[in-house]
1. What span do the alpha-carbon atoms of segment 45-169 cover on each of the three principal axes, reported in whole Å from largest to smallest?
2. On a 23 Å Cα-Cα criterion, which of the cross-link pairs Lys238/Lys306; Lys93/Lys303; Lys210/Lys303 come out too long?
3. Give the long-range amide H neighbours of Val199: residues separated by 5 or more places, or on another chain, with amide H under 5 Å away, using H modelled in the peptide plane at 1.01 Å from N.
4. Give me P(r) over segment 135-271, computed from all C-alpha to C-alpha distances, binned every 10 Å, as integer percentages.
5. Search the structure for amide H atoms under 5 Å from the amide H of Phe77, placed 1.01 Å from N in the peptide plane, and list their residues when 5 or more places away or on another chain.
6. On the first, second and third principal axes, largest extent first, how far apart are the outermost C-alpha atoms of segment 135-181 in Å?
7. Sorted by mean Cβ packing within 10 Å, highest first, what order do the peptides 216-223, 142-149, 298-305 take?
8. I'd like to know how segment 238-294 sits against the 2.2 N^0.38 Å rule of thumb: what's its Cα Rg over that expected value?
Amino acid sequence: MRNLAVLLLCFVALQVSAQDEDMFGMGELEEAFSMFLDESGTGFSPMIQGVMPIIEAQICPSEESADDCQPMENWIFGCNCRNSFRKLSDECKRKPCQAFRAFRDNGAAVINSLKNAESVQEAMNVIVDSIVKPVAHALCQCPGLVDSSLSCVQNYDGMLFEMAEMDRSGFDAFRSSADWNSMNKVMRAFLSEAWCGEVDGANCIEELAKGYDVMAQFIDNTIAGNDVCMSGVRFAKKMSRYMAAVDNLSDANEFIEAYLDMEKAAMCDSDCAEEIADGFYSCCAKKAMETVRRKPIKKALIKTVKSIWNLISDEKKMA
């Protein structure tokens, strides 16, 4: 999944480089960041500060039995979600609250660092340290968070849409269309076989996290239009095939095969193998790539993609 992210971002970077436009629309992004921050840039804006206690009361409720869940007291997430998390161990069911309070206390500084980042690599280091590693550690300690989180969406009975007077038709279409079992299978496989644990003595969370720094270098080189090993310029044709498959959305197998073909071109070019290996390959990365290529996981991934992409394809349904 990490490779998919870098390859898609490289495609965007190629478009940016070709059109000589502002990197990823950073002007608009900085404006969005500014909405969250006060004038000093060191704290949250008054609007965000006002919303925080409301959200905290929903994510960090007082302890009571599952039978006592009151819909109006759990209007954002709903009682189905609340009860699903209550079934987890004491340590695991506290994870969402701990994550929220970490964002409450440190989020402004993180957003300010992202706003001031001068390169993708600099921004990526902030994201990895603040989000990727903490989330990975939490999921590895508590894999049941995957089941509970998916259940929250699949069985949502909260009142957020009604309270905010928002249209929920798209959300409901996603709930009914998504292949939840396949999605769960893919996520569980990545946790148990790729992210969590050690391979040949290497901690895979830390090992895979190092790859994000290299990934960011990859994107920075692509934006600059550098035709070097660590750049998407080198495999632009394979990337175009994949994006054509995304645009067509008529064949799930072509969609997946085009991605795997693009990934192979990006990662397995003999002229760049040594440099790519130094940056991306590790026993943990190899395990992750082997996981997605296992027939049951590949099948589940195809089913997941089909179920999601059909929602945004009115005329072209994946076969």
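1. 49, 35, 30
2. Lys93/Lys303; Lys210/Lys303
3. Result for Val199 returns Cys204.
4. Calculated over all Cα pairs of segment 135-271, the distribution is 10, 23, 31, 28, 8, 1 percent.
5. Amide H neighbours of Phe77, under 5 Å, 5+ apart: none.
6. Cα spread of segment 135-181 along its principal axes, largest to smallest: 37, 23, 15 Å.
7. 216-223, 298-305, 142-149
8. The value comes to 1.26.
The values are calculated or read from the model by the stated rules, or taken from the named source; none is laboratory data. Given the structure is predicted, the values throughout are model-derived calculations rather than measurements. A quick note on method: Cβ atoms are made from the backbone with ideal geometry, for glycine too, and the neighbour counts reach across all protein chains shown. In case anyone asks, the SASA skips ligands and DNA or RNA and just uses the protein heavy atoms, side chains included. Shrake-Rupley method; radii C 1.70, N 1.55, O 1.52, S 1.80 Å.
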